[in-house]
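Note sheet for the following structure.
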Amino acid sequence: MIKRIKPLIILAVSTLSPLAHADWITTTGEDLFSSGRTAMMLGTTSSKAALTFDCTKESLEINFVVEDSKLNIVNPMQLMLVVKVDDNQPTRFEGSASRRNYKYIQVGTKEAGIKGSEGIISVIKQIQNAKEKFTVRVRFNESGYKAAFSGNVRGATKATNDFINACEIKL
């Protein structure tokens, strides 16, 4: 197990920076599988990592995405994802690590339906009203390995408003 996590640990440590920043953006599109829209909101913590929110008409996800094209994740690794915005209480999610695409791995959770996503919606509200920074912490259950990433909230209010509208989220 350590051999599988070692590249992730190296990448995570290499992306830590005392001058971390975040720029928030939202992209939207047509959902080809339903009559709704898709949206992705992204806040970067470094040039190789970001906190993402993805939605369709039927689902809402929160993930922490890290650039890594080499780590081969055969079986999802169980983890805890913790998001803290400004002085709010941390919000915890049980989730897993998986490959997002050929270039990125993601650690996070997928909620079944937008109505059952109170934790994710709470974090979205906090980001919408944020003034200073957000912090993401990841802990792998099996190994106990922990990593933390931070960024500011520049552009977060506009990005969350666009995301909320595209996803038809009721706050």
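The values are calculated or read from the model by the stated rules, or taken from the named source; none is laboratory data. Every value quoted in this text rests on a predicted model; they were computed, and no experiment measured them. Glycine also receives a Cβ, built like all others from the backbone with ideal geometry; neighbour counts cover every protein chain displayed.
Below are the figures for this structure:
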item	result
Candidate set: segment 125-166, residues that are modelled with pLDDT under 90 and over 15 Å from the mean Cα position of the chain (by Cα); chosen: the one surrounded by the most Cβ atoms within 10 Å (Cβ to Cβ)	PHE140
Close pairs (6 angstrom Cβ cut-off, 6 or more residues apart or separate chains): among the basic types (Lys, Arg) in segment 34-55, surrounded by fewer than 18 Cβ atoms within 10 Å (Cβ to Cβ) and at pLDDT 90 or above anywhere	ARG37/THR28
Any hit, segment 99-109, residues being at pLDDT 90 or above, closer than 13 Å to ASN63 by Cα and not polar (S, T, N, Q)	no
Residue satisfying all of: in segment 36-63; among the hydroxyl-bearing types (Ser, Thr, Tyr) and either touching a Phe, Trp or Tyr at 6+ places or on another chain (Cβ under 6 Å) or at pLDDT 75 or above (or both); surrounded by the most Cβ atoms within 10 Å (Cβ to Cβ) among these	THR45
Matching residues, segment 72-95, being modelled with pLDDT under 85 and part of a strand (DSSP E or B)	MET77, GLN78
Qualifying residue in segment 116-128 (condition: in a strand (DSSP E or B), within 19 Å of ASP23 (Cα to Cα) and among the aliphatic types (A, V, I, L, M))	no
Evaluation of THR157 against (1) in a helix (DSSP H, G or I); (2) closer than 20 Å to VAL66 by Cα (one fails), failing number	(2)
